[in-house]
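Every read-out reported here was derived from the displayed coordinates using simple, explicitly stated rules and does not represent laboratory data. The structure displayed is predicted, hence computed values, not measured ones. Cβ placement follows ideal geometry from the backbone for every residue including glycine, while neighbour counts extend to all protein chains displayed.
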Amino acid sequence: MTYLDTEIHKTASMLKRWQGHLATIYELNSSHSSLSVVIHGDSYGQNLVIACLGPEYICGPTTWEDSCIILKTIELESSREGIALLDERHNVKITAESFEIKENVKL
């Protein structure tokens, strides 16, 4: 099991808890080479922020209801291991070198 596989496995139950909520592509930061996806909770201040580090490909809407996001390891165009953030119901696909996940981040 690779490092990314291990990290994805650790966060799988957290992602399941956030299924069904509104998701937004929140910020593309060129200086830090990251793309943030925010899943909004039911109450003010509740959220899950997924930072896609070193994003390479972005496809899908900027905001979507009833999200069902999963992460999986993939081979990037550079032949290195990376991740894909997917929501197949809403045709969302983001590929990146790595990721970080945090709950209840002040935005």
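Below, the figures for the structure above:
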read-out: Residue-averaged [θ]222 nm for the chain, counting only DSSP H segments that reach four residues, each worth -39500 (n - 2.57); value: -4500 deg cm²/dmol
read-out: GluC sites (Glu not before Pro) restricted to segment 40-97 and DSSP loop, no more than 15 other C-beta within 10 Å; value: Glu65, Glu77
read-out: Cα convex hull volume per residue for segment 1-51 (Å³); value: 90
read-out: Total formal charge among the other residues, if their Cβ is under 9 angstrom from that of Glu56, Lys/Arg +1 and Asp/Glu -1; value: -2
read-out: Between 0 and 90°, nearest 10: helix 3-17 axis offset from the chain longest Cα axis; value: 20
read-out: Computed lengthening from Lys72 to Asp5, 0.36 nm per intervening residue step minus Cα-Cα distance; value: 23.4 nm
read-out: For His90, net neighbour charge (Lys/Arg +1, Asp/Glu -1) across residues whose Cβ lies under 9 Å away; value: -3
